[in-house]
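The values are calculated or read from the model by the stated rules, or taken from the named source; none is laboratory data. As the structure is a computational prediction, the values presented were derived from the model and not from experiment. With ideal geometry, Cβ positions are generated from the backbone for all residues, glycine too; neighbour counts draw on all protein chains shown.
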Amino acid sequence: MAEVPEKLNKPYDPAATEGRTYQLWEESGFFNPDNLPAQAGLSGRFTEPFTIIMPPPNANGRLHAGHGLTIALEDIMTRYHRMQGKKALWVPGADHAGFETQVVYEKKLEKEGRSRFKMDRKELYDEIMAFTLESKQHMENDVKALGASCDWSREKFTLDPSVVSEVQETFRKLYRDNLVYRGYRTVNWCTKHQTSLSDVETETVEKADKLYYLKYGPFVVATVRPETIFGDVAVAVNPNDARYKEFIGKDIEVQHPEGPLTLKVIADEAVDVEFGTGALKITPAHDHNDFRMSETHQLPRVEVIDQFGKLNDKTGKYAGMKIAEARTKVVEDLQALGLVEKIEDYTHAVPVCYKCNATIEPRVMPQWFVKMAPLAKMAADAVRAEKIKFVPDNFEKVFLYWMDNTIDWNISRQIVWGIQIPALVCLSCNTGVLDNEAIEGSECNCGGTLTRDTDTFDTWFSSGQWPLLALGYPDTKDLAYYPTDVMETGRDLIFKWIPRMVLFGLYLKGEVPFRTVYLHGMVNDKHGKKMSKSKGNVVSPIELTDKYGADALRIALVVGNTPGNDIALAEDKIKGYKHFCNKLWNVSRFVLSNAGDTTLDTPRPTLTPRDEEILAELDKTIESVTAHLENFRFHLAGEELYHYLWSTFADVIIEELKPRLAGEEGESKTSAQWITLQALAATTKMLHPFIPFITEELWSLLPHKDKSLLIIEPWPKPYSA
């Protein structure tokens, strides 16, 4: 019996192996495709590129379970294609995450009894930068702990000076191409964080409210916002509603607690005749739909709620009241005047800030907007021309819906943390010009003064350019890797991030940024509930790695996880795959202890018919697993390898060959040794993308001359090929 390598005589210990193995990979330089070696007898390897750009994790904290899934899937792809002889490049990065990071830091300030609103702008920026850079280091250590074989020499941060410069230059190009403008329109305003948000930064919740039927001159209007009555400028009806035809185009007088209002009656197709009484009060300064009507009908906009969510001095005795308080008081006063016909319970969808759940308050204010229609058309045309494939394919319809129904994108944020918009603005007329086309302090055409715009970009503006920026655009050195092969990310980003990358890739480079979009679902807790700190059900991938090993976590996240669908992450599943890793270790111990003088270089011996059947079954597994990986069926590839190792190789083949392995020296024993060793080697190679640490360790123990690291070993080919 052959001498078993000493390491195999002990149980596999992830903690003692993973850090050492990752250091070995880093020192080899093979994460960098420029360092991949040409191998004798393997011409053409490491010439054709395969590229993935990592969705940059937010540099404001540790990785969460969703990041664990991202790392596992993208590393599977990268390691597989590297073994297939591709010049595999996986570019890592970190996102400054604008608003999200500032929110995280504001919570820290609150605990310290401080407020960002009482801090100098530069002081706050510098503090957040120090916090982010420290958090970024922890985040990158987490990525390494999960085994990511990405090229750290190309790592990018979205606040690197070169990135900031290029993001600002993109804005200038959009401005010169008449695709960005300074507009005075309603925006989504968070009264807590004091910034505007884009539509994709709000969430919609079902809220139980009251629907108030108010007497408005000859009308009764239904509204959930009686406190905005002071900003009403019209009553709108549907032009096809026979009940109100006689009033269209006329002025009416409406009473409210602060006196009478004279309102215009307008007809607009947007009015739903089935809602309430079919007559709506129109408050353009505080409702997105009402604002659009004001543009159509040239109505004034009267702001009656300030940036803090309080009624302003246009509301008389209600000035200074918060919205909820004012609503109650206004209704009481309207009832006292006999102007409330009835009140009903009403459940409706309400937009809230996705970070603090504060109800969004529409405000009219000057902001920078990107004209989305021409850019969205480019993106939609590219997808319809099949330049981008979606996995699963039903997300193509979602993408096209958002592109076909897009609205202009508000890219201004009233926060300190982020990339400052390179513009000067006039506070008198609210126009804006590029910072390199005018001098701060100079006179605007209106006679006002041009001052520095202190707003920062929406973080999606910079991350939308990520595939190009991560490859050093506009420097051409790494643009040979563009377009990239795959963008793998969460399904929730199909309307937030994916479209922006596509349209910026086409606008800046004339090419789509990736050929395939692979979308994974959300990683929920073991009960299928969304993880949140408030619920106390957040699972840390690093804590699970420390407990069970990165390999067990990775394969547990992938097997049973179909593209686009949410998964429930139960600790028992990870524990089960820790047992699977132990099974591979024990199988390897048995095979090597019975290998005798046979090595992976031993010529193929004379095989029995049963041996040929075993090889044919192994060939079938190689072909099937390869097809699954080529077609993004990672869950099926992992599941098939699990069953092959445990149910076929360990439970059937080894048990069947034990008598021959224990028998007298001779042809039968040699062929049994050869076939078990070959099956173990092929299985170890195929499992490497899924469980890289233990397979690299085992590969170092297999008998083979001129053996390289498993990370660059060729992917197994069928033995009949």
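Report the residue count in segment 647-680 for those that are buried (at least 16 other Cβ atoms within 10 Å of the Cβ) and in contact with a helix residue (DSSP H, G or I) (Cβ under 8 Å, 6 or more places away or on another chain). Step through it out loud before you land on a result.
Start the filter on segment 647-680 by keeping residues that are buried (at least 16 other Cβ atoms within 10 Å of the Cβ), which leaves 648-650, 653-654, 657, 660-661, 668-680.
Still in the running and in contact with a helix residue (DSSP H, G or I) (Cβ under 8 Å, 6 or more places away or on another chain): 648-650, 653-654, 657, 660-661, 668-669, 671-673, 675-680.
Looking only at that region, the number is 19.
Please go through segment 460-505 and give me each residue that is outside any loop (DSSP other than H, G, I, E, B), of a type outside the set (Phe, Trp, Tyr) and more than 23 Å from Trp152 (Cβ to Cβ), ordered by number.
Within segment 460-505, the subset outside any loop (DSSP other than H, G, I, E, B) is 460-463, 466-470, 479-481, 484-494, 498-505.
In the following step, the residues that additionally are of a type outside the set (Phe, Trp, Tyr) were identified as 462-463, 467-470, 479-480, 484-494, 498-503, 505.
The answer is Gly490, Arg491, Asp492, Leu493, Ile494, Ile498, Pro499, Arg500, Val502, Leu503, Gly505.
For segment 429-452, name all the residues that are among the charged types (D, E, K, R), assigned to a loop (DSSP other than H, G, I, E, B) and more than 13 Å from Arg172 (Cβ to Cβ).
We begin by selecting, within segment 429-452, every residue among the charged types (D, E, K, R); these are 435, 437, 440, 443, 452.
Retained after the next criterion (residues that are assigned to a loop (DSSP other than H, G, I, E, B)): 435, 437, 440.
The one that is among the charged types (D, E, K, R), assigned to a loop (DSSP other than H, G, I, E, B) and more than 13 Å from Arg172 (Cβ to Cβ): Glu440.
Of all residues in segment 79-100, which are part of a helix (DSSP H, G or I) and closer than 30 Å to Ser196 by Cα?
So the first thing to find is which residues in segment 79-100 are part of a helix (DSSP H, G or I), and the list is 79-83, 98-100.
Gly98, Phe99, Glu100 - these are the residues of segment 79-100 that are part of a helix (DSSP H, G or I) and closer than 30 Å to Ser196 by Cα.
Where residues in segment 242-272 are part of a loop (DSSP other than H, G, I, E, B) and over 46 Å from the mean Cα position of the chain (by Cα), which of them is nearest to Thr315 (Cα to Cα)?
So in segment 242-272, the residues part of a loop (DSSP other than H, G, I, E, B) come out as 248-250, 257-258, 268-272.
Checking which are over 46 Å from the mean Cα position of the chain (by Cα) leaves us with 248-250, 257-258.
Values: Ile248: 28, Gly249: 27, Lys250: 25, Pro257: 9, Glu258: 7 Å.
Ranking the qualifying residues of segment 242-272, first place goes to Glu258.
So Gln307 ticks every box in (1) in a loop (DSSP other than H, G, I, E, B); (2) over 39 Å from the mean Cα position of the chain (by Cα); (3) at pLDDT 95 or above but one. Which box is left unticked?
Every condition holds for Gln307 apart from (2).
Of the residues in segment 115-135, how many are part of a loop (DSSP other than H, G, I, E, B) and in contact with an Asp or Glu (Cβ under 9 Å, 6 or more places away or on another chain)?
Of all residues in segment 115-135, those part of a loop (DSSP other than H, G, I, E, B) come to 115, 119-120.
Then drop every residue that is not in contact with an Asp or Glu (Cβ under 9 Å, 6 or more places away or on another chain), which leaves 115, 119.
The number of residues fulfilling the criteria is 2.
Considering only segment 590-602, state which residues are buried (at least 20 other Cβ atoms within 10 Å of the Cβ) and out of contact with any Phe, Trp or Tyr (no Cβ under 6 Å at 6 or more places or on another chain). If you could, list the steps in order and put the result at the bottom.
Of the residues in segment 590-602, the ones buried (at least 20 other Cβ atoms within 10 Å of the Cβ) are 591-592, 594-595, 598.
If the condition is that a residue be buried (at least 20 other Cβ atoms within 10 Å of the Cβ) and out of contact with any Phe, Trp or Tyr (no Cβ under 6 Å at 6 or more places or on another chain), then Val591, Leu592, Asn594, Ala595 are the ones that fit.
Counting only residues that are in a helix (DSSP H, G or I) and of a type in the set (D, E, K, R), which one in segment 1-33 is farthest from Ala550 (Cα to Cα)?
Going residue by residue through segment 1-33, those that are in a helix (DSSP H, G or I) are 6-9, 14-28, 33.
Still in the running and of a type in the set (D, E, K, R): 6-7, 18, 20, 26-27.
Working: Glu6: 23, Lys7: 19, Glu18: 8, Arg20: 13, Glu26: 17, Glu27: 20 Å.
Checked segment 1-33; the qualifying residue farthest from Ala550 (Cα to Cα) is Glu6.
For segment 272-315, which positions are out of contact with any Gly (no Cβ under 8 Å at 6 or more places or on another chain), surrounded by fewer than 15 Cβ atoms within 10 Å (Cβ to Cβ), more than 18 Å from Pro351 (Cα to Cα) and not hydroxyl-bearing (Ser, Thr, Tyr)?
Glu274, Phe275, Glu295, Gln298, Pro300, Asp313, listed by residue number.
I'm trying to understand the selection: among the residues of segment 136-167, which are in contact with a His (Cβ under 9 Å, 6 or more places away or on another chain), part of a loop (DSSP other than H, G, I, E, B) and either over 30 Å from Ile555 (Cβ atoms) or assigned by TED's automatic domain parsing to the domain that holds Arg452 (or both)?
Thr158, Leu159 - these are the residues of segment 136-167 that are in contact with a His (Cβ under 9 Å, 6 or more places away or on another chain), part of a loop (DSSP other than H, G, I, E, B) and either over 30 Å from Ile555 (Cβ atoms) or assigned by TED's automatic domain parsing to the domain that holds Arg452 (or both).
Given the options Leu493, Leu544, Leu553, name the one that is within 19 Å of the chain's Cα centre (by Cα) and not assigned by TED's automatic domain parsing to the domain that holds Glu201.
Numbers: Leu544 fails: within 19 Å of the chain's Cα centre (by Cα); Leu553 fails: within 19 Å of the chain's Cα centre (by Cα).
Being within 19 Å of the chain's Cα centre (by Cα) and not assigned by TED's automatic domain parsing to the domain that holds Glu201 holds for just one of Leu493, Leu544, Leu553, which is Leu493.
Looking at Ile654, Ile694, which one is touching a residue at least 40 places away in the same chain (Cβ under 8 Å) and either outside any helix (DSSP H, G or I) or over 26 Å from Thr562 (Cβ atoms) (or both)? Let's see the steps before the verdict.
Numbers: Ile694 fails: either outside any helix (DSSP H, G or I) or over 26 Å from Thr562 (Cβ atoms) (or both).
Going through Ile654, Ile694 in turn, the sole match is Ile654.
Among the residues of segment 390-428, what is the count of those that are touching a helix residue (DSSP H, G or I) at 6+ places or on another chain (Cβ under 7 Å), assigned to a strand (DSSP E or B) and in the same structural domain as Met378 (by TED's automatic domain parsing)?
Initially, segment 390-428 is screened for residues touching a helix residue (DSSP H, G or I) at 6+ places or on another chain (Cβ under 7 Å), giving 390, 395-396, 398-400, 402-404, 406-409, 411, 413, 415-419, 421-422.
After this cut, where a residue has to be assigned to a strand (DSSP E or B) as well, the list is 390, 409, 413.
With the extra rule that they be in the same structural domain as Met378 (by TED's automatic domain parsing), the set shrinks to 409, 413.
Residues in segment 390-428 being touching a helix residue (DSSP H, G or I) at 6+ places or on another chain (Cβ under 7 Å), assigned to a strand (DSSP E or B) and in the same structural domain as Met378 (by TED's automatic domain parsing): 2 in total.
Which pairs have Cβ atoms under 7 Å, sit 6 or more apart or on different chains, and link a residue in segment 191-219 that is on the phi > 0 side of the Ramachandran plot and in contact (Cβ under 8 Å) with a residue 40 or more places away in the chain to one that is surrounded by fewer than 18 Cβ atoms within 10 Å (Cβ to Cβ) and part of a strand (DSSP E or B)?
Final answer for the pair search is Gly217/Ile252; Gly217/Glu253.
Return a yes/no flag: does segment 352-371 have any residue that is loosely packed, with under 13 Cβ neighbours inside 10 Å and more than 23 Å from Leu506 (Cβ to Cβ).
Here is the first cut: in segment 352-371, the ones loosely packed, with under 13 Cβ neighbours inside 10 Å are 357.
Checking which are more than 23 Å from Leu506 (Cβ to Cβ) leaves us with 357.
Yes, there is a match, as at least one residue in segment 352-371 is loosely packed, with under 13 Cβ neighbours inside 10 Å and more than 23 Å from Leu506 (Cβ to Cβ).
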